[in-house]
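Here's the structure, in structure tokens; my notes come after.
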Amino acid sequence: MSILQAIVLGIIQGLTEFLPISSTAHLRIIPALVGWSDPGAAFTAVIQFGTLLAVFFYFRGDIARMITGVVGGLAAGKPLRDRDAQLGWMIVLGTIPVVILGVLFKKSIESEWRSLYVIAGSMIVLALALMAAEIIARWRVAHARELKRMDTLSWKDVLFTGLAQAVALVPGSSRSGTTITGGLLVGMNRETAARFSFLLSLPSVLAAGLFELIKQRHMLLSTEAGVTGLIVATVVSGVVGYASIAFLLNYLRKRSTYLFIVYRLALGCLLLALLMNGVLPPD
């Protein structure tokens, strides 16, 4: 790919990885619209290293406390001795579903599930799920129910949110979208749902990126142009991703996710129309 293509794909990844609108969908749809080839699941997984670093840098204080808590707890023989240690192990627990299901459905994720019909359908269905979660969240607020923060999350909350994250294995679902939906459904406030979503992404995105880089290294690193494109897209996605995290957390402090719900519904319906009229090929 050209440097321009790498920059565009990096911007798309950085913008859409953290907003609940699906980075995978946009990395399939936009290249298809402009006549570029599908960058592929391996490329998509590897350039997530950029957004992964954005999460590490933005939440470096939280991550340092969790690591210190986990290591200190293990050293003392009390792995759950404080809240920081508990949150670290909660991230591990929430990651288990996506790892198991990712391995079981890997072939489908990389092939037939990348069909634009699948992506359009998941864009619409998950928009409706997020809308339902918003309605429930508003009901809780209207009935003076206390919403959960990071320091009040339970193990059941985390496991349910981890199961929701696993739904994002279907392209078009959006990892941040499914985990924010799961967080709202278990009673988190919007900012906490987004914050936990970002932290929960760390193990799974790191594992997926390393796996694809090792497995597909001969294809991804076979040419100088390919290596350059991969590096450029990764760096750009990291810079844009950091800005996206800051934007979304600030946005959700005062606003709902309805803007993203409407966008998902509109894009999903538009994509279906383009497919049904033969403007875009599904595969």
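The values are calculated or read from the model by the stated rules, or taken from the named source; none is laboratory data. Owing to the predicted nature of the structure, the values given are computational and were not obtained by experimental measurement. Here the Cβ is made from the backbone with ideal geometry for all residues, glycine too, and neighbour counts use every protein chain on show. Heavy atoms of the whole protein, side chains included, go into the accessibility calculation; ligands, DNA and RNA do not. Shrake-Rupley method; radii C 1.70, N 1.55, O 1.52, S 1.80 Å.
T68 to R149: FRET efficiency via 1/(1 + (r/R0)^6), r the Cβ-Cβ distance, R0 25 Å, to the nearest 0.05?
It comes to 0.75.
Once label points are set 7 Å from the Cα along Cα→Cβ at both A273 and S222, what is their separation, rounded to one decimal in nm?
In this crude spin-label approximation the distance works out to 3.9 nm.
May I ask you to give the percent of accessible area on the chain that is carbon plus sulfur, with a probe radius of 1.4 Å?
For the chain, the apolar C and S fraction of the accessible surface comes to 70 percent.
Specify the longest stretch of the chain that does not include any exposed loop site, a site being one of the chymotrypsin sites (Phe, Trp or Tyr not before Pro) with a non-H, G, I, E, B DSSP assignment and at most 15 other Cβ atoms within 10 Å.
Within the chain, the longest run free of exposed chymotrypsin sites (Phe, Trp or Tyr not before Pro) spans 106-283.
Which of P79, P171, P97 ends up with the largest GNM mean-square fluctuation for the chain, with Cα atoms connected below 10 Å?
Most flexible of the set in this elastic network: P79.
With r as the distance between the Cβ atoms of K156 and I30 and R0 = 45 Å, compute the FRET efficiency 1/(1 + (r/R0)^6) and round to 0.05. Let's see the in-between values first.
On the way: r = 38 Å, r/R0 = 0.85.
For I30 and K156, the calculated efficiency is 0.75.
So, in nm, how far is label R60 from label A207 when the simple model puts each one 7 Å beyond its Cα toward the Cβ?
2.7
Give the separation of the Cα centroids, the range 1-75 to the range 210-283, in Å.
Centre-to-centre distance over Cα atoms comes out at 8 Å.
Per residue, what accessible area does the chain have, given a 1.4 Å probe and all protein chains present, in Å²?
It amounts to 46 Å² per residue over the chain.
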